[in-house]
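The values are calculated or read from the model by the stated rules, or taken from the named source; none is laboratory data. What you see is a predicted model, and the numbers here were worked out from it, not measured in a lab. Quick reminder, even Gly has a Cβ in these numbers, built from the backbone with ideal geometry, and neighbours come from all protein chains shown. Heads up: the accessible areas ignore ligands, DNA and RNA and are worked out on the full protein's heavy atoms, side chains in. Shrake-Rupley method; radii C 1.70, N 1.55, O 1.52, S 1.80 Å.
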Amino acid sequence: NEPMTPYELALSNVLCIGDSLTRGAYYINGWTGYPIEQDYPFYLSKITNQDVANLGVSGSSPITWNEKYLSNTDFSNYDVFIIWFGTNGGLTDTIDVDVDAYESFEDYANTNTGSYCKLIETIKSQNENAVIVLCNIFKASNSGEDVTDITNEVLEKIYRNKDAEKIPF
């Protein structure tokens, strides 16, 4: 089962979810994270000539994104979901206690790892044919500590366990 290419995945209505990597943020000449219009969802829409919605929120983590948007988002309107979280706080290798220990995804632990998995399961519960794409990250920190490697290892586990596609940036 060969992974789909990004272009194959982008052939339908797409919802991009994530932090400033998704929202796009302007970090030069004194700007500190101000959102930009020409982010990757903007260019993905131009390249594919498809509708691409952007629910990226600069500075968010899976926890904070879920708290603000999870219950208010109708995932049934989209076919492809590109999720790119992890720079803010990273993910911890705690799937066994944050996710596997619970009967229902609605009860997953309120951690970044548990919230990431809860987002995926919520999408699947509203849209059984959803194509979910996870993206590796290039930099993650938690209280100043570099947690990039562990975050990408956890993303690999989530990708395998949650039946998702992967774009390994």
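Quick notes
- Within segment 50-86, the set of residues being open to solvent by less than 40 Å² (accessible area, probe 1.4 Å), under 14 Å from Y40 (Cβ atoms) and touching a Lys or Arg at 6+ places or on another chain (Cβ under 7 Å) comprises just one member, G56.
- Considering the conditions (1) at pLDDT 85 or above; (2) closer than 24 Å to E156 by Cα, T5 is excluded by exactly one of them, (1).
- Within the set K118, K68, the sole residue that is modelled with pLDDT of 95 or more, within 19 Å of N152 (Cα to Cα) and of a type in the set (K, R) turns out to be K118.
- Entry remark, segment 79-100: residues being in a loop (DSSP other than H, G, I, E, B) and either modelled with pLDDT of 95 or more or within 15 Å of A140 (Cα to Cα) (or both) number 9 in total.
- Output for segment 111-136, where each listed residue is touching a helix residue (DSSP H, G or I) at 6+ places or on another chain (Cβ under 8 Å), within 20 Å of F75 (Cβ to Cβ) and part of a loop (DSSP other than H, G, I, E, B): N127, A130
- Screening T87 on (1) touching a Leu at 6+ places or on another chain (Cβ under 7 Å); (2) without any contact (Cβ under 8 Å) to a residue 24 or more places away in the chain shows it passes everything except condition (2).
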